[in-house]
Amino acid sequence: MHLKPSPRAISLYYFGIFAVLGVYLPLFPSWLEGRGVRGLAMGAIAATLPAMGLVAPPVFGLIADALGVRVWLIRAACAGALAVFALLALSSALDVSLGFGGLFAAALAFAFFRAPMFTMADVVALETSLTSGIAYGRLRLWGSISFALMAIVSGALIDPARPAAFPVAIAAALLVAFALSWALPAGDEAPLQRLGRRGGAQGAEGAEGAARAAAAAGGSVRERAGALLRSRDFRLFLAASFLAQSANSSYDLCYTLHLRDVGFPDPLVGVAWAVGVAGEIALMAFSGPLLQRFAPPVALAVAFAGASLRWALLSQVRFWPALLALQPLHAVSFAMMWVASLAYTRDRAPPQILATAQGLFSASAGAGSVIGMLTWGELYKRGGGALTFGVASITAAIAFVLAVTFARSTRRSLSGSSIFSAGSQCQE
């Protein structure tokens, strides 16, 4: 009997995995600094997260589609990440110095396991939306809520100067996420049995029989993925995603620095970030009706145009109340971009390669983040926020042009309502 994950289980899992990031992202640099890792060494370790996003999502996507697995990959990834931080916590508690090599290896391993924890969650959420009629954004918003809450709580309670405090907190959060992954039923996922059946069938029928089976099914996973990548509209979508995420990374890296340099009150910096997250949560909550009304490529074009406007205003505005008033635009520049991208990916890719297509999108966005992180810091050093966000605005504007182009060349009608509309009908 094939069991579908309930929307509540998906929401709880999102809450669990984003709690991990809510502790990791704000505190990891300070923890590394306490271990004597600074400058280029810190940058190299911190870059493992977006860098692994270039490799792991497509690899795990191909595995997921080839073996027909989703939930078991999620569980394996959670277990792997938990093992990494359990070892880090143990070494820190025993005061064992790992040095740069050990810390880099640990960060790389965590980044590798982290990719399927999140990418496969999106795939399961998309498939659950199809059968439940609940908009993807309403499932995903619990991750944003969790991240905001944990960022506040961990900042107040965890002292990164204490060697074991940070890895113990991450290990505890990963343990909760791993436990919550078991609330997602694996249904008829049986990767080892599938491999056995595939090997037996090929041994009996030979290469000719395997070719006939692939043709009857419309092609293998690799063939379907290749056909998708050869389509002009999907390549333009990946290029636009790369540029848009590159521009967005200017915000992640330089926004706090910009607020400091223009005289934004220090006690309100956290409030400014929270206002942006609140806008993100609000848009995800109402993303169903939005994507029922507008096709995903149209929503993407609006998101990229909104991002370009946001970065242009941020490059020029100096009055701090006005800067705070701009923060709700995060709903457009990030949340709308994200839900519309997943809607486009889900509607554009055949169901048999959904995980692969999602992995390709994640890799494209990850590449944009890596290039952005290597670019914006130097631009900010040379020209401050005016230069940094001015260039980011131009980058997002180019993504907008590409979005308009691939919207016109998309080969099928993309309404998005089938999976993202809150009112869509459940399907068996």
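What full-extension length gain, to one decimal in nm, is calculated for Leu40 and Ser231 as 0.36 nm per residue of separation minus the Cα-Cα distance? Display every interim value, and only then the final one.
Details: separation 191, 0.36 × 191 = 68.76 nm, distance 3.95 nm.
Extra length from Leu40 to Ser231 when fully extended: 64.8 nm.
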**Message:** If I model a spin label as a point 7 Å beyond the Cα along the Cα-Cβ vector, how far apart are those points for Leu157 and Leu25 in nm?
**Reply:** 2.0 nm
**Asked** 222 nm [θ] for the chain, helices only, -39500 (n - 2.57) per DSSP H run of 4+, per residue, to 500?
**Response** -27000 deg cm²/dmol
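How do the peptides 235-246, 85-96, 30-41 rank, highest first, by the average count of neighbouring beta carbon atoms within 10 Å per residue?
On the way: 235-246: 24.6, 85-96: 16.7, 30-41: 14.9.
So the peptides 235-246, 85-96, 30-41, ranked by packing, come out 235-246, 85-96, 30-41.
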**Prompt:** So, in nm, how far is label Leu98 from label Asp261 when the simple model puts each one 7 Å beyond its Cα toward the Cβ?
**Reply:** 3.3 nm
**Item:** Rule-of-thumb Rg ratio for the chain [Cα; 2.2 N^0.38 Å; N residues]
**Value:** 0.99
**Complete:** The farthest towards the positive end of the charge dipole of the chain, of the residues Ala363, Ala325, Pro167, given +1 on Cβ of Lys and Arg and -1 on Cβ of Asp and Glu, is Ala363
**Request:** On the full set of protein chains, 1.4 Å probe, figure out the accessible area of Trp273 and give it in Å² to the nearest 10.
**Result:** 80 Å²
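Using 0.36 nm times the number of residues separating Leu90 and Lys381, minus their current alpha carbon distance, what extension gain do you get? If you can, show how the numbers build up before the last one.
On the way: separation 291, 0.36 × 291 = 104.76 nm, distance 3.86 nm.
Going from the current span to full extension adds 100.9 nm.
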**Message:** With +1 assigned to the C-beta of every Lys and Arg and -1 to the C-beta of every Asp and Glu, and no other charges, what is the dipole magnitude of region 95-166 about the Cα centre in debye, to the nearest 20?
**Reply:** 140 debye
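What ranking, highest mean first, results for peptides 260-267, 226-233, 311-318 when packing means the other Cβ atoms within 10 Å averaged over each residue? Walk me through the intermediate numbers first.
Details: 260-267: 12.4, 226-233: 14.1, 311-318: 18.2.
Going by the mean number of other Cβ atoms within 10 Å, highest first, we get 311-318, 226-233, 260-267.
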**Item:** Å³ per residue enclosed by the Cα convex hull of region 38-170
**Value:** 123 Å³
**Complete:** Here the gain from full extension of Arg293 to Ala105, 0.36 nm per residue of separation minus their alpha-carbon distance, amounts to 63.0 nm
**Item:** Estimated inter-spin distance, Ile371 and Asp252, nm [label 7 Å along Cα→Cβ]
**Value:** 1.5 nm
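So, with a 1.4 angstrom probe, what is the percent of accessible area on the chain that is carbon and sulfur?
Numbers: 12310 of 18240 Å².
Carbon plus sulfur share of accessible area: 67 percent.
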**Asked** Stokes-Einstein at 4 °C, 1.567 mPa s, Kirkwood radius from Cα pairs: D for region 64-122 in µm² s⁻¹?
**Response** 104 µm²/s
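The values are calculated or read from the model by the stated rules, or taken from the named source; none is laboratory data. Keep in mind it's a predicted model, so treat the numbers as computed, not measured. With ideal geometry, Cβ positions are generated from the backbone for all residues, glycine too; neighbour counts draw on all protein chains shown. For accessibility, only protein heavy atoms count, side chains too; no ligands or nucleic acids. Shrake-Rupley method; radii C 1.70, N 1.55, O 1.52, S 1.80 Å.
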